[in-house]
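The values are calculated or read from the model by the stated rules, or taken from the named source; none is laboratory data. Model, not experiment: these values are computed from the prediction. Cβ atoms come from the backbone with ideal geometry, glycine included; neighbour counts cover every protein chain shown.
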Amino acid sequence: MDLLLDSFISAILLLKSLNAEVLTIVLVSLKISSSSTLIASVVGIPIGFAIAFNEFPGKRITVTVLNTLLALPTVAVGLFVYAFISRRGIFGPLDLLYTQKGMIIGQVILIIPIVTTLTIAAISRIDDRYRKSAMTLGATTVQTAVVVFREARFAIMAAVIAAFGRVIAEVGISMMLGGNAKGFTRTMTTAMALEYDKGEFVLAVALGLILLTISFTVNLFFNYLQGRARL
Amino acid sequence: MVFEVENLTKVYGDRKVLDIPELRIDKGKVYGLLGPNGSGKTTLLEILSFLMQPTTGEIAYNAKKVDFSRTYLQGLRREVAMVEQQPILFTTSVYKNVEFGLRIRKVAKERRKQTVFEVLDLVGMRDFAQASAHKLSGGETQRVAIARALACSPKVILFDEPTSNVDIENQIIIEGILRDINRQKGISVIFTTHNRMQATKLSDHIVFLFQGKPASSVYENIFSGSIRRDDLGGMYCLIHDKIMLPVQTAKTGQVTISIDPRTAKVLPAQDSPPGDNGFVGRVVQLTDEGGDVRALIDIGIPISVLLGREAYKEAPVLTGDQVLVICPPKSIEIV
């Protein structure tokens, strides 16, 4: 218990001192997680919307496959991407292994199913009367889609936040594709794993606190937006 | 002629929910589609509002045949608006809801504002312009939905049971709006209802629908029953295992039976013993219907009987009275 308390107090002092190493780790984490969330959202939201908004043969099996991919282990994605971007892989010449780009590729693959399936769920829950109302008022297909999207916006935002939470907290892909290079590919989770291995709990606890604070802030902001919308 | 419908059908699975050989709707008139629940009223409205494709048949709108497979339906929808039975408003303010149709038509901002307030005035909702649409009552929501449709200046408005989910006050307001938009703006109106009085009061023409087909009049007192034959060879229809109604029919098995409330009769219970087609029951409700009196009588099944004003004066009944309901053969129809 003393160990945890001491580490906690030291972590607070470390954060107060704005330690350069901690700041770099946090910034790298935020940069990589934000980039992968942005890319996965740009790809996953339209795919999810198209699947939910249209009827086509194989729709159910597509959704089932996407749901299955939600359980994708980070190390499996890490291995899969590693096979492509390692020196012997077909994208080896691009030198993506142990780079931030490599990590982003892996994280995008990890969270596209999350963004897509949660978007499908969000759109499917929207009352069909919104679609009919827009159509009977003379909206085009695109305008009708915008109406449905607008109604589902908070649930879609929740999908994006869930995806962000998944990548900022994952360690497998970051470790396997990033290599935990200090100041370059070292993220909060890989740094925490390293410090734990070294028996240095202070930095690990400090980074854990920052991770939780970031998650809390993002959710607080989301709740604020939802609250405003209900007014 | 705004709509000409020929051989229209709508089939879900193996169930034909709509089968209309012919229907013509005149321009600038108010039409009431009258029928019980499940008679196909809403399906017909959705087809006429170009939201649903019929299974077979043809529709001409303003004398032009409608091709449901083509994308020009959106153009037609800009002339024909539908207000649903339980309309849903977009998650924003009342003003923005009403503005929606104008915005997608790229109407200038000032003109939009003017039109929004004009139609909100018409439905008596101007004071609610900035209110959140989801905080309105059922009646207010219905009125804003009407305003939202009116803002688009449609040539035809279709209302699906416009007053079925609102209180009396809003019912009166909505009926007034419905009349006004037809008289003042010349908009053709088609509305569905299962309320005969409302249909009579508001419409220039009434179209009766029953089980998806046009009917010569509205069927009331509709019950499911089975045709049986008694020991003496007489035929009767057993309703809900309680009532045995003498019938003359070639049909067998399960049927739907209707008892005409205008030809059924009510007598004081003590005057005569019930015959084959007489049933003792208790009056549970009396309502005024344009001067006539509609009595709801529990004879084991609820049966509605329409009593003429003079007949009622001669033999008045009160709620709670024991009475004898006579269903002469001419009042019974197997539909």
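With respect to B:Leu267, determine if the residue is of a type outside the set (Asp, Glu), over 17 Å from B:Met244 (Cβ atoms), in contact (Cβ under 8 Å) with a residue 12 or more places away in the chain and assigned to a loop (DSSP other than H, G, I, E, B).
Numbers: of a type outside the set (Asp, Glu): yes; over 17 Å from B:Met244 (Cβ atoms): yes; in contact (Cβ under 8 Å) with a residue 12 or more places away in the chain: yes; assigned to a loop (DSSP other than H, G, I, E, B): no.
Against the criterion (of a type outside the set (Asp, Glu), over 17 Å from B:Met244 (Cβ atoms), in contact (Cβ under 8 Å) with a residue 12 or more places away in the chain and assigned to a loop (DSSP other than H, G, I, E, B)), B:Leu267 does not qualify.
Assuming B:Gln171 fulfils every condition listed in (1) out of contact with any helix residue (DSSP H, G or I) (no Cβ under 6 Å at 6 or more places or on another chain); (2) touching a residue at least 40 places away in the same chain (Cβ under 8 Å) apart from one, which condition is it?
Failed condition: (2).
Considering each residue of the range B:88-108, count those that are at the interface with chain A (Cβ under 7 Å from one of its Cβ atoms) and crowded, with 22+ Cβ neighbours inside 10 Å, and give that number.
2
How many of the residues making up the range B:41-55 are β-branched (Val, Ile, Thr), within 19 Å of the chain's Cα centre (by Cα) and surrounded by fewer than 23 Cβ atoms within 10 Å (Cβ to Cβ)? First the steps, then the outcome.
Taking the range B:41-55 and keeping what is β-branched (Val, Ile, Thr), we get B:42-43, B:47, B:55.
Next, from what is left, pick out any that are within 19 Å of the chain's Cα centre (by Cα): B:42-43, B:47.
This time we only want the ones that are surrounded by fewer than 23 Cβ atoms within 10 Å (Cβ to Cβ), so: B:42-43.
Here the count works out to 2.
From B:Val255, B:Val293, which residue is at pLDDT 85 or above, closer than 17 Å to B:Ala315 by Cα and assigned to a strand (DSSP E or B)? Can you show your working first?
Working: B:Val255 fails: closer than 17 Å to B:Ala315 by Cα.
Sole residue among the options that is at pLDDT 85 or above, closer than 17 Å to B:Ala315 by Cα and assigned to a strand (DSSP E or B): B:Val293.
Just wondering, is there one or more residues in the range B:119-135 that are more than 9 Å from every other protein chain (Cβ to nearest Cβ), under 28 Å from the mean Cα position of the chain (by Cα) and of a type in the set (S, T, N, Q)?
So far as the range B:119-135 goes, no, none of its residues is more than 9 Å from every other protein chain (Cβ to nearest Cβ), under 28 Å from the mean Cα position of the chain (by Cα) and of a type in the set (S, T, N, Q).
Of everything in the range B:245-264, what is touching a Gly at 6+ places or on another chain (Cβ under 9 Å) and free of Cβ contacts under 8 Å to residues at least 40 places away in the same chain? Give them in sequence order.
If the condition is that a residue be touching a Gly at 6+ places or on another chain (Cβ under 9 Å) and free of Cβ contacts under 8 Å to residues at least 40 places away in the same chain, then B:Gln254 is the only one that fits.
Looking at B:Arg15, B:Arg24, B:Arg77, can you tell me which residue is within 30 Å of B:Glu118 (Cβ to Cβ) and among the basic types (Lys, Arg)? Let's see the steps before the verdict.
Numbers: B:Arg15 fails: within 30 Å of B:Glu118 (Cβ to Cβ); B:Arg24 fails: within 30 Å of B:Glu118 (Cβ to Cβ).
Just a single option satisfies the conditions, and that option is B:Arg77.
Could we say that A:Gly172 is touching a Pro at 6+ places or on another chain (Cβ under 9 Å) and over 30 Å from B:Ser49 (Cα atoms) here? Explain how you work it out, then say what you get.
Numbers: touching a Pro at 6+ places or on another chain (Cβ under 9 Å): yes; over 30 Å from B:Ser49 (Cα atoms): yes.
When the stated conditions are applied, A:Gly172 passes them.
Go through the residues of the range B:146-164 one by one and say whether even a single one is within 22 Å of A:Met135 (Cα to Cα), among the small types (Gly, Ala, Ser) and assigned to a helix (DSSP H, G or I).
Here is the first cut: in the range B:146-164, the ones within 22 Å of A:Met135 (Cα to Cα) are B:146-162.
Now drop any that are not among the small types (Gly, Ala, Ser), which leaves B:147, B:149, B:151, B:153.
Next, from what is left, pick out any that are assigned to a helix (DSSP H, G or I): B:147, B:149.
Scanning the range B:146-164, I find at least one residue that is within 22 Å of A:Met135 (Cα to Cα), among the small types (Gly, Ala, Ser) and assigned to a helix (DSSP H, G or I), so the answer is yes.
Just to check your reading of the model, which residue among B:Arg77, B:Arg112 is touching a helix residue (DSSP H, G or I) at 6+ places or on another chain (Cβ under 8 Å), surrounded by 15 or more Cβ atoms within 10 Å (Cβ to Cβ), more than 9 Å from chain A (Cβ to nearest Cβ) and basic (Lys, Arg)?
Numbers: B:Arg77 fails: more than 9 Å from chain A (Cβ to nearest Cβ).
So the residue among B:Arg77, B:Arg112 that is touching a helix residue (DSSP H, G or I) at 6+ places or on another chain (Cβ under 8 Å), surrounded by 15 or more Cβ atoms within 10 Å (Cβ to Cβ), more than 9 Å from chain A (Cβ to nearest Cβ) and basic (Lys, Arg) is B:Arg112.
Residue-by-condition table, conditions (1) more than 30 Å from B:Lys27 (Cα to Cα); (2) part of a strand (DSSP E or B):
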position	(1), (2)
B:Gln198	no, no
B:Arg228	yes, yes
B:Leu232	yes, no
B:Thr249	yes, no
B:Asp276	yes, no
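For the range A:27-143, give me every one of the helices (runs of 4 or more DSSP H) that falls completely inside it and has 2 or more residues that are within 14 Å of chain B (Cβ to nearest Cβ).
On the way: elements: A:59-69, A:74-85, A:100-124, A:128-136.
The qualifying helices (runs of 4 or more DSSP H) are A:128-136.
Take the residues of the range B:51-85 that are touching a residue at least 40 places away in the same chain (Cβ under 8 Å) and out of contact with any Asp or Glu (no Cβ under 9 Å at 6 or more places or on another chain): which is farthest from A:Met135 (Cα to Cα)? First the steps, then the outcome.
Within the range B:51-85, the first condition is being touching a residue at least 40 places away in the same chain (Cβ under 8 Å), and the residues that meet it are B:52, B:54-63, B:78-85.
Retained after the next criterion (residues that are out of contact with any Asp or Glu (no Cβ under 9 Å at 6 or more places or on another chain)): B:54-56, B:78-81.
On the way: B:Pro54: 17, B:Thr55: 20, B:Thr56: 22, B:Arg78: 9, B:Glu79: 12, B:Val80: 11, B:Ala81: 9 Å.
Applying the filter and picking the extreme gives B:Thr56.
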